[in-house]
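Undergrad: Encoded as structure tokens, here's the structure I'll be asking about.
Quick note: the coordinates plus some simple rules give every number you see, no bench work behind them. These numbers were taken from a predicted model, which means no experiment stands behind them. Cβ sites come from the backbone with ideal geometry, for glycine too, and all protein chains shown count toward neighbours.
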Amino acid sequence: MILPRLERMAVVVGVLAVLATPGGFAVADPITLHYSGVVTQASFDPYNPWQGAVSVGSAFGAGLHFDTSAVDAAASSSLGSYTLSGLTYSFAPKLGLSELHAMSTVNISIVDGVGGGPDQYTVFASEGVADGLEAYYTMAIVLDDASGTAFNSDALLAGLPDFTQFSVRTFALTGRYFDPQDRLIQYEIQGDLTVPEPGTALLGALALLGCTAATRRQKTIALRAAAA
């Protein structure tokens, strides 16, 4: 069985595609974003826990769930830091048949590189404790624009960033756990994120608009029924 103990911490959240759609959480403006890409580096010790299903060239995906009402904890006007925790926030990469699900700590940071500095978009999430020998994993998405033109503020984005504006688009996963034979398994995986196809991104935007319009229609109908 692949990653038997980690999968107890995992939750399946659906098939991954590159689009933006609203989630189903009972919070203000919930958002679900999906990323995909290809593994470029992989290191396993002492063996590959995915049994060969994950290697250089393998496809991966990741689902990010968050709330646009999250508060910026950074005082700087050029740095936005949005740390989320709880059942309504999560970051869930999928590799092979395994999906790792982190909700203990999810942080989205946005750097608006004023004064000629780079613009950066980072998602970091973790589950477990990296210190010691307990099972844990950390994962991150990093987008970097050396020209500093991708953002004009540090506000939390309600959709996917424009991938074409970033020269660096990477994904990283690091972790460890004990297998059924109590052997310590460690792994490090890196990958490049795929630029969303324009047509797919447009479908995602249309879906978001459609859901918003449907919600407004339902509210209008409810108000009219109440008035009657």
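Undergrad: Please give me the summed charge of the neighbours of A155: other residues whose Cβ is under 12 Å from its Cβ, Lys and Arg +1, Asp and Glu -1.
TA: -3
Undergrad: What are the equivalent ellipsoid semi-axes of region 6-196, built from the alpha-carbon gyration tensor (square roots of five times its eigenvalues), in whole angstrom, biggest first?
TA: With the √(5λ) rule applied to region 6-196, the semi-axes are 28, 19, 16 Å.
Undergrad: Length gain on complete extension for the stretch V114 to V168, per 0.36 nm per residue less the alpha carbon to alpha carbon distance?
TA: Gain in length upon complete extension: 17.6 nm.
Undergrad: How many nm separate the modelled label positions at S153 and L184, each set 7 Å beyond the Cα in the direction of the Cβ?
TA: Each label point is offset 7 Å from its Cα along the Cβ direction, giving 4.7 nm.
Undergrad: State, to one decimal in nm, how far the label point of S69 lies from the label point of A53, with both points 7 Å from Cα in the Cβ direction.
TA: In this crude spin-label approximation the distance works out to 3.8 nm.
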